[in-house]
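The values are calculated or read from the model by the stated rules, or taken from the named source; none is laboratory data. Since we're looking at a predicted model, the values are computed, not measured. Here the Cβ positions follow ideal geometry from the backbone for every residue, glycine too, while neighbour counts run over all protein chains shown.
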Amino acid sequence: MSGSTIGQLTVVLASPILSRIYEPKFFGFFSTYAAFVYLANSLSSLRLDFSILSADKEDEKGILYFSSVILFIFTIITTIAVVGVSFTSFYQDYFYAIPFGILTGGLFNILNNYLLKKNFYEKMAIYKTLQSLL
């Protein structure tokens with residue numbers, strides 16, 4: 001079984017349990033949170049993390065990796081400054097989860113592209129399983 005299969009299977013098996021524990025409004029909140037984090041992850045590094053795959057030299061890979069991380073940090077600071085004022089009182093309780101979601105999602109994307117470039121497929125399977133648990 002691959003890492004993606006195990007990750008997706010974990011989500012499918014956990015869904016009935018989670019639907020008994022949480023109210024529907026929390027699923028709505030999570031959908032809003034996930035949509036915002038996915039959008040911010042796509043825009044945060046300007047897709048610079050994909051250029052790691054095309055880099056030939058180790059120096060280029062290091063520079064691209066560092067640049068991607070710097071752009072993610074900038075995105076997190078911008079998220080705190082801009083979006084923090086616009087949430088309603090319900091969402092303000094969970095506001096600090098948004099920068100954490102952007103950071104972990106972005107670092108997972110960078111790590112995925114780096115492992116893909118290095119042909120570390122076994123580590124990618126572990127990474128995909130951990131991603132579903134987080």
Are any residues in the range 72-84 buried (at least 16 other Cβ atoms within 10 Å of the Cβ) and either closer than 14 Å to Leu46 by Cβ or among the hydroxyl-bearing types (Ser, Thr, Tyr) (or both), and if so, which ones?
Phe72, Thr75, Thr79
Within the range 102-111, track down each residue that is surrounded by 19 or more Cβ atoms within 10 Å (Cβ to Cβ) and polar (S, T, N, Q).
Asn109
What is the one condition in (1) modelled with pLDDT under 85; (2) out of contact with any Asp or Glu (no Cβ under 6 Å at 6 or more places or on another chain) that Ser68 does not satisfy?
(2)
So Ala55 ticks every box in (1) at pLDDT below 75; (2) touching a Leu at 6+ places or on another chain (Cβ under 9 Å); (3) outside any helix (DSSP H, G or I) but one. Which box is left unticked?
(1)
Can you find a residue that is under 20 Å from Lys128 (Cα atoms), of a type outside the set (Phe, Trp, Tyr), surrounded by 13 or more Cβ atoms within 10 Å (Cβ to Cβ) and in contact with a Ser or Thr (Cβ under 8 Å, 6 or more places away or on another chain) anywhere in the range 19-37?
no
Output yes when any residue across the range 103-112 is modelled with pLDDT of 80 or more, of a type outside the set (Phe, Trp, Tyr) and outside any helix (DSSP H, G or I), and no when none is.
no
When the range 43-70 is checked residue by residue, the ones that are more than 17 Å from the chain's Cα centre (by Cα), of a type outside the set (A, V, I, L, M, F, W, C) and loosely packed, with under 14 Cβ neighbours inside 10 Å are Ser54, Asp56, Lys57, Glu58, Asp59, Glu60, Gly62
Inside the range 1-18, can you point out the residues that are modelled with pLDDT of 80 or more, among the aliphatic types (A, V, I, L, M) and exposed (fewer than 12 other Cβ atoms within 10 Å of the Cβ)?
Val12, Leu13, Ile17
